[in-house]
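One structure is given below, encoded as structure tokens.
The values are calculated or read from the model by the stated rules, or taken from the named source; none is laboratory data. None of the values given here were measured: they were computed from a predicted structure. Note that each Cβ is placed from the backbone with ideal geometry, even for glycine, and that neighbours are counted across all protein chains shown. For the accessible areas, the whole protein counts, side chains as well, though only heavy atoms, and no ligand, DNA or RNA atoms are used. Shrake-Rupley method; radii C 1.70, N 1.55, O 1.52, S 1.80 Å.
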Amino acid sequence: MIYSYFEYFIFFYSSLMLLSLLMLGIFSCVKLWRFKIYNSKQDDEFLMNSRLTPGISIIAPAFNEERTIIDNVKSLLTLEYPTFEVIIVNDGSTDRTLELLIKEYDLEETTYAYMERIKTAPFKRILKSRNPMFSKLTIVDKVNGGTKADASNAGINASQYPYFICTDVDCILERKTMLKMIKPILNSKNRTIAVGAVLRMSNSCDIKDGVITRVRAPRRLIPRFQELEYMRSYLFGKLGWSFINCVPNVSGGLGLFDKEIAINAGGYDGKSHAEDMDLLTKMVIYMCNSKQKYTVDYIPVSCCWTEGPHNLTILARQRMRWATGLAQIFTVHRKVFFNPQYPKLGFVVFPYIFIFEFLAPIIEATGLFWFLLILIKGDVNWSTIMFMFLYVYSFGIAISSMVIFMDYLVKRQYKTYAEIFSLWIISLVEGFIYHPFIIYFSVAGYIKYFTTKDIRWGTMTRQGFDINTQVEHAK
């Protein structure tokens, strides 16, 4: 009886997951059909020349980033937008990060209206450049707060414009990122509180002076797996959810936020290790509590390239932190579940993420154990199990193929079809090589969180890159 109940549960669980993915695929295609507005050169020129284009603050926390900090700041300063500032938050770095910034940009301590609207670890000073060429650059020096969230809050406190982009200093943004991401805000009938865009792997790309000159598929296996995973997550997942205004989170690697709503919602949780989902959850809760209509949008354009883990050790740190962060979200915001005060968040977003993302690694690990058990007992119906395996495997390949094609429709990132084909080949073996590790790291993260509550941020080792050659990063 236990065998039967478990097998029926797995059948219905898998069927619901496949149906939900099919639904998201349809929603993503509809959103993709409307994507041309984000690539309009005429709109870009209008925004660049208009005095009414809202200003944007770019906030990038930095902790021990001496290997890449100068090139990344150069990249941020070369973005195309009429009114913006770049705020680098030196979060108590113990290496030469701040020293290199002071030397490169001729920085000096200056008086500045730093208002602590969000509580952070102690603030030290503000640094600005003596050179007028770098007037857009502001350095916030503070005591390390232990999380990116705390550093981001300090950046918000120092910002002067009504919208802010939160990113990482190891990210490289496409030059027209702000022009593309501000459009959903300007075109929306409701107040758009956050906008996201597609992130990709910068590993193996050609970079010069902080700008990507040639997009390449990652050469190493783990970053290549993650490239495909990111494309599915953004083009198939978050883009689809934006169609019904149920985006679960806007990535910490690149997100545009309404500063007023973010501050009123309390800013980032300084103790959170899922700061991106936590902030958006709090902003949506605030909008619902104040009975205001809101929109959270995603655009299908690749605007950000980030460093991906190049080995299993670094991948384990990243995924265990993500897993503990997700567990933390559901613990902190448990009152949201099925709360009529938050209709979409409480009845759609949280239940879906909990059932199909939080529980999925646990159910998959249990299913693998179950299979080994019935294999030992000799109770395997091989004809049935092969049919089910081929069905699920084919569905997964179809989704990956669809995502690769969608990405090609938006913009052909890779110059050769061989690179596109190599990415598709990866989808054939992803379930056997990459996915089992993701399951293991996720379950290990859950166990670590619920048994020790030890969710330190951890060190993300970086290889750095030569700005005149190819990139090989680690995160």
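Within the range 418-442, residues that are hydroxyl-bearing (Ser, Thr, Tyr) reach partners that are not in a helix (DSSP H, G or I) with beta carbons closer than 8 Å, at six or more positions or on different chains, in the pairs SER422/ALA217. For the range 248-260, what are the residues that are crowded, with 21+ Cβ neighbours inside 10 Å and either assigned to a helix (DSSP H, G or I) or without any contact (Cβ under 8 Å) to a residue 60 or more places away in the chain (or both)? Listed by number, the residues that qualify are ASN249, VAL250, SER251. Residues in the range 386-397 include at least one that is among the aromatic types (Phe, Trp, Tyr), open to solvent by less than 60 Å² (accessible area, probe 1.4 Å), at pLDDT 90 or above and part of a helix (DSSP H, G or I).
Condition test on PRO82, is it touching a Ser or Thr at 6+ places or on another chain (Cβ under 7 Å), without any contact (Cβ under 8 Å) to a residue 40 or more places away in the chain, open to solvent by 10 Å² or more (accessible area, probe 1.4 Å) and of a type outside the set (A, V, I, L, M, F, W, C)?
yes
Filtering PHE330, PHE347, PHE338 for residues that are open to solvent by 50 Å² or more (accessible area, probe 1.4 Å), outside any loop (DSSP other than H, G, I, E, B), more than 15 Å from VAL443 (Cβ to Cβ) and of a type in the set (A, V, I, L, M, F, W, C) leaves a single hit, PHE347. Identify, please: which residue in the range 279-309 is in contact with a helix residue (DSSP H, G or I) (Cβ under 6 Å, 6 or more places away or on another chain) and not in a strand (DSSP E or B) and is, among those, farthest from ILE362 (Cα to Cα)? Here the residue is TYR286. Filtering the range 204-240 to residues that are closer than 16 Å to GLN413 by Cα, of a type outside the set (S, T, N, Q), open to solvent by 10 Å² or more (accessible area, probe 1.4 Å) and touching a strand residue (DSSP E or B) at 6+ places or on another chain (Cβ under 6 Å) leaves ASP206, ILE212, ARG214, TYR230, TYR234. Just to be sure I understand, how many residues within the range 2-55 are of a type in the set (Gly, Ala, Ser), part of a helix (DSSP H, G or I) and crowded, with 16+ Cβ neighbours inside 10 Å? Selection size over the range 2-55: 3.
Please count how many residues of the range 363-384 are in contact (Cβ under 8 Å) with a residue 24 or more places away in the chain, surrounded by 10 or more Cβ atoms within 10 Å (Cβ to Cβ) and more than 40 Å from the chain's Cα centre (by Cα). The qualifying residues number 0. Restricted to the range 88-110, and to residues there that are open to solvent by 20 Å² or more (accessible area, probe 1.4 Å) and hydrophobic (A, V, I, L, M, F, W, C), the residue that is nearest to the chain's Cα centre (by Cα) is LEU98.
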